[in-house]
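Read the structure below first, then the notes.
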């Protein structure tokens, strides 16, 4: 009996939190706009290119954001 109320309360809190998140961030009830740097794919590509061009002096070249790339060590190209 108590477990059902606890689970119901937890599920209800998740539904409430989701509704608040959608209302506040996606519907922007407090105003504001999404920055151009978030929406623009060219900006993201240029930022990624800049991060990858930084020289590393401590070891072999690695990817700055390995989660998005899913590889951790860059191999040197032959060209």
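The values are calculated or read from the model by the stated rules, or taken from the named source; none is laboratory data. Note that the coordinates shown come from a computational prediction; the quantities given were computed from them, not determined experimentally. Neighbour counts run over all protein chains shown; Cβ positions are idealised from the backbone, glycine included.
Every residue, every condition in (1) modelled with pLDDT under 85; (2) outside any helix (DSSP H, G or I), yes or no:
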{"residue": "10", "(1), (2)": "no, no"}
{"residue": "16", "(1), (2)": "no, no"}
{"residue": "22", "(1), (2)": "no, no"}
{"residue": "25", "(1), (2)": "yes, no"}
{"residue": "37", "(1), (2)": "yes, no"}
{"residue": "45", "(1), (2)": "no, no"}
{"residue": "49", "(1), (2)": "yes, no"}
{"residue": "64", "(1), (2)": "yes, yes"}
{"residue": "79", "(1), (2)": "yes, yes"}
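So, of the residues in the range 51-62 that are surrounded by 10 or more Cβ atoms within 10 Å (Cβ to Cβ) and modelled with pLDDT of 70 or more, which turns out to be farthest from the chain's Cα centre (by Cα)?
Only one residue tops the list, namely 52.
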